[in-house]
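Coordinate-derived values only; no laboratory data. This one's a predicted model, so the numbers in the text were calculated from it and none came from an experiment. Every residue, glycine as well, gets a Cβ built from its backbone with ideal geometry; the counts of neighbours run over all protein chains shown.
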Amino acid sequence: MISDAAHTARASVAPPPGSVVDPRDVLARQAYAERLQRDHESAQLQLAQQEREAEARRFLLARAARDRETLERAKTKAVEEHRLEALRHADDELGEVALGTFRRAAAAAQVAS
């Protein structure tokens, strides 16, 4: 498959109709057209390779994003668990203070009676 650029290049070096053509010119033109074709095919292969590499990078980026999201959820969960544990600890301390106050009040009431 020859690209438009190759057709244009081939037409630009074509001799005028009816003129005498040196066989070396024909060979040179043929070599030039083949080089254009190889360059075009090489560019297509390179583009395909770059597309594969970009797709691989997109895959790795998506996986990294999922991993980061998982870590963020774990971090949020750990922070929430810590907050709840601190609240339980504070509740236990308040319970101990209230119990101590109740016992002192009960003991004072018993002494007073």
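Calculate for the chain the 222 nm mean residue ellipticity that helices alone would give, adding -39,500 (n - 2.57) per DSSP H run of length 4 or more and normalising by residue count, nearest 500 deg cm²/dmol.
-33000 deg cm²/dmol
Using alpha carbons only, how many degrees (0 to 90, rounded to 10) separate the axis of helix 23-112 from the longest principal axis of the chain?
0 degrees
Which entry is the computed Cα Rg over 2.2 N^0.38 Å for this structure: (i) 3.17; (ii) 1.10; (iii) 1.61?
Recomputing Cα Rg over 2.2 N^0.38 Å here picks out (i).
Set the Förster radius R0 to 30 Å, insert the Cβ-Cβ distance between residue 58 and residue 80 as r into 1/(1 + (r/R0)^6), and round the FRET efficiency to 0.05.
0.35
Roughly how many nanometres apart are two label points built 7 Å out from the Cα toward the Cβ at residue 48 and residue 21?
Inter-label distance under the simple model: 3.1 nm.
Can you tell me the 0 to 90 degree angle between the C-alpha axis of helix 4-13 and the longest principal axis of the chain, rounded to 10?
The helix 4-13 is inclined about 30 degrees to the chain.
Given Cβ point charges of +1 (Lys, Arg) and -1 (Asp, Glu) and nothing else, what value in debye, to the nearest 20, does the dipole of the chain about its Cα centre take?
I would put it at about 40 debye.
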